[in-house]
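To keep things clear, I will list the structure first and then write my remarks on it.
The values are calculated or read from the model by the stated rules, or taken from the named source; none is laboratory data. Since we're looking at a predicted model, the values are computed, not measured. Cβ coordinates were reconstructed from backbone atoms using ideal geometry, including for glycine residues, and neighbour counts include every protein chain displayed. For the accessible areas, the whole protein counts, side chains as well, though only heavy atoms, and no ligand, DNA or RNA atoms are used. Shrake-Rupley method; radii C 1.70, N 1.55, O 1.52, S 1.80 Å.
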Amino acid sequence: MMQEEPQGNAAASQLLAAPLHAASTFAVEGLLNEAVGVVKGGVASLAVDAVVVPTNEHLTERRGATGEVFAASGGGFARAVAALSSCRTGDSKIVAGFGLPASHG
């Protein structure tokens, strides 16, 4: 993935020039690094396999990326999430994406 170099910031330029795993205290997983990328922008407009929505245990969070997903997916998504009632920290739930372009929506 291509990285943009910030203008006039020598420290950032050095960091970008270093191998991505140089400062990591964790093992480097080459295949995982090839499969995972970072995208800056709206998560609700991505045509990806699935979207993971961060929220609280009561599934009531509606700010930031979570709010964007709720707004873009339509009322069916909100009703499906409400029917779940809760999700313990560390667990996950799955619902259809309704109006999202994600393939598992």
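Taken as a whole, the structure places G76 among residues that are modelled with pLDDT of 85 or more and farther than 24 Å from T89 by Cβ. Selection of segment 22-44 for residues being farther than 23 Å from A102 by Cβ, open to solvent by less than 60 Å² (accessible area, probe 1.4 Å) and modelled with pLDDT of 75 or more yields only G30. A Cβ distance below 7 Å, combined with a sequence gap of six or more or placement on separate chains, defines the contacts here; from segment 72-88, residues that are without any contact (Cβ under 8 Å) to a residue 24 or more places away in the chain reach residues that are in a helix (DSSP H, G or I) in the pairs F77/F70; A78/F70.
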